[in-house]
Amino acid sequence: MKPITQIIENRPWMAWLIFLVTIIIVFIVGLLASSVIERRAEAVFVNVPKTEISQFEPRNSVWGENFPREFQSYSQTADTTFASKYNGSQMIDMLEVEPRLVVLWAGYGFSKDYSQGRGHFYAVEDIRNSLRTGGPTNETDGPQPSTCWTCKSPDVPRMMQEEGVTEFYKGKWSRLGAEVVNPIGCADCHDSKTMNLHISRPGLIEAFERQGKDITKASHQEMRTLVCAQCHVEYYFDKHKAEGAAYLTFPWDKGLSAEAIEKYYDEIEFSDWTHSMSKAPMLKAQHPEYETYSLGIHAERGVSCADCHMPYKSEGGQKFTDHHIQSPLNNVANSCQICHREETAKLIQNVYDRQDKIIENRNKLEELLVYAHVEAKKAWDLGATEAEMKDILMGIRHAQWRWDFAAASHGASFHAPIETSRIISSGIAIVGETRIKLARLLASKGFNQEIPYPDIATKAKAQEFIGLDMKKLREEKSTFRKNLVPQWIEAAEKREAGYDKNGIRQ
Ligand code: HEC
Ligand code: HEC
Ligand code: HEC
Ligand code: HEC
């Protein structure tokens, strides 16, 4: 190769070309350096707390002043546009979709109203509007205990701190209407000094203690699941622990499977309600997401709830946790594809396949349970005795528990498909045996015909069939929303206006 001086001598424009290329490279390097410095400055800016936040500050927007990205993404839980095949952020009236549920829950609040959950932003609004909380007219009125607020708001740890935990669980739901106003938020999951993940609910801490485990020893990755397990779990109200309190308790002492929890309930002879047709002592599964998740492959491989429901996100050079908690199917790129290389459509299909197959058998079990309740009622009508019915009623209790455990555990068909199918199959076997016993009993009473499936094609028909006065329930709710709710909101605004900057009542 010729020396560079000679090349330039032959072609003088080459000198200009080299000069220009050098300038462009220097310019680009300069740009890069400046961007890096800017982002560093931004990071420092983002991480410097502006307000000192108290652990019991319930207002998410106050925490948001220090952590705008997390707050802004948290606020997106207000978005209700996404729908997947079975889930998503819309409010679906499940009794309309499956009127059978009305009969399965006859005699219990869920037969009045049951909608599929939506984003955390709506937690307080939705519990106020549900027909299950009734239409209280004052602080000591209404069908539900104050305990029902426990998984709705960061005002809960604040009130538990003020009143004491047992006191919090005393009295009616309406007692705390003016106190619990901020939807699920920062103080539920974070320590305000360090911003580390933090367990704010005693139910989870106590359940761990009873099993001889110390939750403060949980690993960082476990905490990314345990913060959710404060609420997304099975629970019941222990009325024997303290006078007048509905003490929130997780029934985990024998294990997390449907059978282990059933055994726990059977031993203490607990039932949520007595079915109004079959008179069976029923159990209502709440929402055992953590329990079923724990029995699936992702938990087995150490994948946490946050890995899929709160993936990392990048904005302006900052990596942070996306607080828009929602169906991961609305964000497959950031959730699933961090670990899986398959196409988005394929991954979504994998989820739907599992759901479709499980729902096929779940629907069958629901139908068989409707028959069992109707047939048991017929047996009572024909003069069956308590002794003759005992085994049959336990069969109905156990089969419906399995159905509900699988159905109420949102996402279970994906979180733990094999376990969920197993629970449903065992429910089908139990209800089958129970209906054979029922057929024999009915025959012994001289009744040997098929009992027709009731006409429950719509929610309205099913509610009429079980004898609910929906008009009255709706009127009570509407009076409550017109009269009491505005008073709660006004009282809360006044109280919060009096908070000092640390969120402490003055
Ligand atoms: C303080 C209690 C509480 C905690 C903690 C909590 N949740 Fe929830 N979650 C709820 C309630 C209540 C709802 C239903 C809100 C509604 O429908 O009004 C809900 C709804 C959801 C939904 C449905 C949202 C939609 O768009 O359909 C998902 C998904 C979810 N939670 C996941 C999680 C995950 C993951 C965690 C942990 C990182 C978590 N939750 C922590 C109480 C909680
Ligand atoms: C349902 C539980 C939950 C709620 C509610 C919640 N967070 Fe988080 N937050 C998490 C999890 C999980 C992480 C990831 C923590 C980790 O892996 O270290 C996180 C991480 C963070 C971080 C660390 C930086 C980052 O983005 O990873 C900040 C800051 C934060 N959250 C602020 C907030 C603020 C502000 C709010 C209220 C607007 C809030 N969080 C509400 C669960 C929650
Ligand atoms: C943090 C990593 C991680 C994330 C995030 C993750 N997975 Fe997985 N997934 C795994 C591992 C590990 C396995 C077990 C397979 C193995 O070990 O070979 C698995 C297994 C599976 C399986 C087969 C198991 C079965 O049920 O039969 C499916 C399907 C699947 N994942 C889909 C998804 C989808 C959809 C998402 C997003 C919503 C997702 N995964 C998110 C790591 C992950
Ligand atoms: C491997 C990824 C993965 C993990 C881990 C995971 N989930 Fe899910 N979750 C999903 C998928 C996928 C769905 C189904 C979403 C759909 O059908 O739209 C789902 C559904 C849900 C739903 C119903 C959402 C809705 O839109 O109504 C809730 C609630 C939920 N999960 C909570 C949890 C909790 C709590 C944990 C931890 C105990 C957890 N999930 C762990 C992937 C995951």
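What the table below lists for this structure:
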item: Qualifying residue in region 137-151 (condition: within 21 Å of the chain's Cα centre (by Cα), buried (at least 18 other Cβ atoms within 10 Å of the Cβ) and among the β-branched types (Val, Ile, Thr)); result: yes
item: Close pairs (6 angstrom Cβ cut-off, 6 or more residues apart or separate chains): within 23 Å of ARG128 (Cα to Cα) in region 486-501, hydrophobic (A, V, I, L, M, F, W, C) anywhere; result: TRP488/ALA178; ALA491/ALA178; ALA492/ALA178; ALA492/VAL181
item: Close pairs from region 163-185: first modelled with pLDDT under 95, partner more than 16 Å from ligand 2 (Cβ to nearest atom), Cβ under 7 Å, at least 6 apart; result: none
item: Condition met for SER192 (in the same structural domain as LEU484 (by TED's automatic domain parsing), touching a residue at least 60 places away in the same chain (Cβ under 8 Å), assigned to a loop (DSSP other than H, G, I, E, B) and away from ligand 3 (no atom under 16 Å from the Cβ)); result: yes
item: Some residue of region 343-354 being of a type in the set (Gly, Ala, Ser), over 22 Å from ASN196 (Cα atoms) and within 15 Å of ligand 2 (Cβ to nearest atom); result: no
item: Index of the failed condition, PRO202 passing every other in (1) within 16 Å of ligand 4 (Cβ to nearest atom); (2) buried (at least 16 other Cβ atoms within 10 Å of the Cβ); result: (1)
item: Hits in region 181-207 (condition: under 18 Å from the mean Cα position of the chain (by Cα) and under 24 Å from PHE480 (Cβ atoms)); result: ASN182, PRO183, ILE184
item: Positions within region 444-481 being surrounded by 11 or more Cβ atoms within 10 Å (Cβ to Cβ) and of a type in the set (A, V, I, L, M), in sequence order; result: ILE451, ILE456, ALA460, ALA462, ILE466, LEU468, MET470, LEU473
item: Answer from PHE56, PHE71 - the residue that is away from ligand 3 (no atom under 16 Å from the Cβ), within 30 Å of GLU496 (Cβ to Cβ) and either at pLDDT below 75 or not in a helix (DSSP H, G or I) (or both); result: PHE56
item: Among the candidates TYR247, TYR264, TYR290, residue that is touching a strand residue (DSSP E or B) at 6+ places or on another chain (Cβ under 8 Å) and either aromatic (Phe, Trp, Tyr) or free of Cβ contacts under 8 Å to residues at least 40 places away in the same chain (or both); result: TYR247
item: Region 338-349 residues that are closer than 20 Å to TYR312 by Cβ, paired with ones that are of a type in the set (Val, Ile, Thr) and within 16 Å of ligand 2 (Cβ to nearest atom) (beta carbon under 8 Å, 6 or more apart); result: CYS339/VAL303
item: Inter-residue pairs, beta-carbon under 6 Å, first at pLDDT below 95 and in region 305-333, second more than 11 Å from ligand 2 (Cβ to nearest atom), 6+ apart; result: GLY317/ARG39
item: Every residue from region 115-135 that is part of a loop (DSSP other than H, G, I, E, B) and crowded, with 21+ Cβ neighbours inside 10 Å; result: ARG118, GLY119, GLY135
item: Filter pass, ARG210 being at pLDDT 95 or above, within 12 Å of ligand 2 (Cβ to nearest atom) and among the basic types (Lys, Arg); result: no
item: Hits in region 257-290 - residues which are on the phi < 0 side of the Ramachandran plot, away from ligand 1 (no atom under 14 Å from the Cβ) and among the acidic types (Asp, Glu); result: GLU259, GLU262, ASP266, GLU267, ASP272
item: Qualifying residue in region 282-289 (condition: surrounded by fewer than 17 Cβ atoms within 10 Å (Cβ to Cβ) and under 21 Å from SER335 (Cα atoms)); result: no
item: Selected residue (only one of ALA345, ALA407 is surrounded by fewer than 22 Cβ atoms within 10 Å (Cβ to Cβ), of a type outside the set (Ser, Thr, Tyr) and in a helix (DSSP H, G or I)); result: ALA345
item: Cβ pairs under 6 Å, 6+ apart, first in region 68-86 and touching a residue at least 24 places away in the same chain (Cβ under 8 Å), second more than 16 Å from ligand 2 (Cβ to nearest atom); result: THR80/GLN90; PHE82/GLY88; PHE82/ASN330; SER84/LEU329; LYS85/TYR352; TYR86/GLN355
item: Looking only at region 311-344, and only at residues there that are among the hydrophobic types (A, V, I, L, M, F, W, C) and within 11 Å of ligand 3 (Cβ to nearest atom), the one that is nearest to ALA78 (Cα to Cα); result: LEU329
item: Selection status of HIS220, loosely packed, with under 13 Cβ neighbours inside 10 Å and within 9 Å of ligand 2 (Cβ to nearest atom); result: yes
item: Residue within region 268-283 that is modelled with pLDDT of 95 or more and within 16 Å of ligand 2 (Cβ to nearest atom) present; result: no
item: Residue match in region 95-109 (condition: over 30 Å from ASP455 (Cα atoms) and assigned to a helix (DSSP H, G or I)); result: no
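The values are calculated or read from the model by the stated rules, or taken from the named source; none is laboratory data. Small disclaimer: the values here were computed from a predicted structure and weren't measured. Neighbour counts are summed over all protein chains in view; Cβ atoms, including those assigned to glycine, are modelled from backbone coordinates with ideal geometry.
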